[in-house]
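Contents: one structure, followed by commentary.
The values are calculated or read from the model by the stated rules, or taken from the named source; none is laboratory data. Since the model is a prediction, treat every value here as computed from it, not as a measurement. Please note: Cβ atoms are built from the backbone with ideal geometry, for glycine as well, and neighbour counts cover all protein chains shown. Just so you know, the surface numbers come from the protein's heavy atoms only, side chains and all, with ligands and any DNA or RNA stripped out. Shrake-Rupley method; radii C 1.70, N 1.55, O 1.52, S 1.80 Å.
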Amino acid sequence: MMKMTTIATAVLVVATLAQGAFAAVSADEAKQLGGKLTLVGAEAAGNKEGTIPAYSGKAPKAPASYNKAEPGQRPDPYGDKPLFTITAANAAQYADKLDGLVEVFKKYPNFRMDIYPSHRDFAYPKYVLDNTVKNATSCKGANDELKLEGCYGGFPFPIPKTGKQVMWNHLMQFTGSTLDSRSDSWVTPPNGQGVLQARSRVQQQYDFFDPKQTQPHPSNLTYWSLLVTDDAPARKAGGKIAILDSLDMVDVGRRAYQYIPGQRRVKLAPNLAYDTPSPQSGGASTMDDGKGYLGAMDRFDFKLVGKKEKFIMYNTFNFTNHKVCPLEKTINHPNFPNPDCTRWELHRVWKVEATLKSDFRHVYAKRVFFWDEDVPGAGMAENYDASGKPYRFITQVMNPFYDGEKGGGGGYTDSSISLDMQTGLWAFQSYQGFPGGGVWPDDRQDPRIFTPDALAGTGIR
């Protein structure tokens, strides 16, 4: 009887570990936050070579050229020059900081990366920082870390221990509590002539970052709500998509709805997830390529490799400023965006490898993610097919908001560039480099605007 009891206890413990909550860090370990580590868990100091500076904790100041009448067009506040340039001729010299991007140089010998001085200027509201410190000892992952429990409105895991914890930090990136934007989605085929997929108004709200919420969020919370309203081209005008993602990826999961103007009705769109081609990318990216990675994590095993230094797009103000890089200059370029408009910096990133589970299907068999330690929405994803060949590289375009902008910190990291290595196509979702384009912190919206009833009530045609 004693032996049977022991066996039963052991089975119960294993089951609990498999399905139960992954513990937060100890109070002693959490004391690093605000000292050796910043309050969001990044290394506060720069690197020993001096090529990565210490974290400033401040947002960049708006330059004199900033026009408040065109708030979405933020000029470069730094005005610095490239330190050096990486080309196909010298890419091997920097391979340890390029990773899969070496393959881009091999396929496109005219690809280049201008490397600029690194800046770590990004601010967070006090309530986000306070809640992040609380989360270090409170927030836990349950159900194989596919659900969050006991989490306040800050980064869930400032001292991550697993790959999924790093990915949760990416998913819960703070860009602002509520954002409004005018943006384009473009696809550029190998001939270098971009094709507009959609010009849209994009509204986002993170209820997870509601500053009035002082208690841990329930696990069924819709942490992120998205509403996309298409204005152009004519064939898509009036179309709407609403996506709602939950802290419980399995039992609640994603709810997605689509308003189709020609039919004048709203339909449930459960296929707007995983590897379904994104309707805004012309087939050059999947739904879960959004923001570099977006959606549930149940189809892959995520392994935390560690932290490393890597060149990533950062502070790309000129990229979305039509006065410096107008649309035709940025978009009409074969195989990749015009290098004259891109900016790359050296930053410390978390590296996570994701391998497709044997009982699931996906167009990607392996994915490698690199998320910035200061701003986990910044970074890139490398996606590989079943034969191990590069399939798509997804790069995020990051711009911090200026100091004093409404919302008290944050920035924009949602613009995604997808390089399809198999077709030669490249796509840019949430491109804002046109007059009137851009993204702004906004007042919190009534959550009912993201519901199917609202889509039906405001739909036209």
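Just name one of Gln445, Gly192, Phe319: the one whose Cα is farthest towards the positive end of the charge dipole of the chain (beta-carbon charges, Lys/Arg +1, Asp/Glu -1).
Towards the positive end, the residue furthest out is Gly192.
Taking Cα centroids, how far is region 49-83 from region 383-413 in Å?
Their Cα centres are 17 Å away from one another.
Compute the distance in nm between two label points, each set 7 Å from the Cα along the Cα-to-Cβ direction, one at Arg235 and one at Asp301.
4.3
Taking 7 Å along the Cα-to-C-beta vector as the label spot, tell me the Asp114-Asp130 distance in nanometres, rounded to one decimal.
4.3
Could you let me know the centre-to-centre spacing of region 111-179 and region 299-362, using Cα atoms, in angstrom?
Between the Cα centres of region 111-179 and region 299-362 lies a distance of 18 Å.
Which of Ile159, Ile52, Gly239 sits closest to the plus end of the dipole of the chain, meaning its Cα is farthest towards the positive end, when Lys and Arg get +1 and Asp and Glu get -1 on the C-beta?
Gly239
Run the numbers for Leu196 and Lys308: contour at 0.36 nm per residue of separation, minus the present Cα-Cα distance, in nm.
36.7 nm is the gain from fully extending Leu196 to Lys308.
Could you tell me what percent of the accessible area of the chain is made up of carbon and sulfur, with a 1.4 Å probe and every protein chain present?
That fraction is 55 percent.
Evaluate the charge dipole of region 211-270 about its Cα centre and quote only its size in Debye, nearest 20, assuming +1 on the Cβ of each Lys and Arg and -1 on the Cβ of each Asp and Glu.
The calculation lands at about 360 debye.
Quick one: Debye curve from the C-alpha atoms of region 289-414, no solvent, what's log10 I(q)/I(0) at q = 0.13, 0.14, 0.17 Å⁻¹?
Log-scaled intensity ratios, in q order: -0.62, -0.71, -0.97.
Where nothing but the Cβ of Lys and Arg (+1) and of Asp and Glu (-1) is charged, how large is the charge dipole of region 326-379 around its Cα centre, in debye to the nearest 20?
About 300 debye.
Would you be so kind as to identify all helices of the chain, as entire DSSP H runs, whose Cα atoms reach 27 Å or more along the helix's own axis and whose mean Kyte-Doolittle hydropathy is at least 1.6?
Helices passing the filter in the chain: none found.
Looking at region 420-461, I'd like the Rg to Rh ratio, where Rg is from alpha-carbon atoms and Rh is Kirkwood's inverse mean 1/r.
Taking Rg over the Kirkwood Rh, I get 1.16.
About its Cα centre, how strong a charge dipole does the chain have in debye, to the nearest 20, once Lys and Arg get +1 and Asp and Glu get -1 at the Cβ?
420
Distance in nm between label sites at Arg361 and Ser26, each 7 Å beyond Cα in the beta-carbon direction?
About 4.8 nm, to one decimal.
Which values, in whole Å and largest first, are the semi-axes of the equivalent ellipsoid of region 270-356 obtained as the square root of 5 times each eigenvalue of the Cα gyration tensor?
For region 270-356, the semi-axes come out at 28, 21, 9 Å.
May I ask you to list the residues of region 202-228 whose amide nitrogen lies under 19 Å from a point 7 Å from Cα along the Cα→beta-carbon direction of Asp251?
Residues 216-224 fall inside that zone.
At a Förster radius of 30 Å, what calculated FRET efficiency corresponds to the Cβ-Cβ distance of Glu353 and Ser56, to the nearest 0.05?
E(calc), rounded to 0.05, equals 0.45.
Send over a whole-number figure in Å² for the accessible area per residue of the chain, probe 1.4 Å.
That works out to 40 Å² per residue.
Which of rounded, prolate, oblate describes the chain, given a ≥ b ≥ c as roots of the alpha-carbon gyration tensor eigenvalues and a/c under 1.5 marking rounded, otherwise prolate only if a/b is larger than b/c?
Verdict is rounded for the chain.
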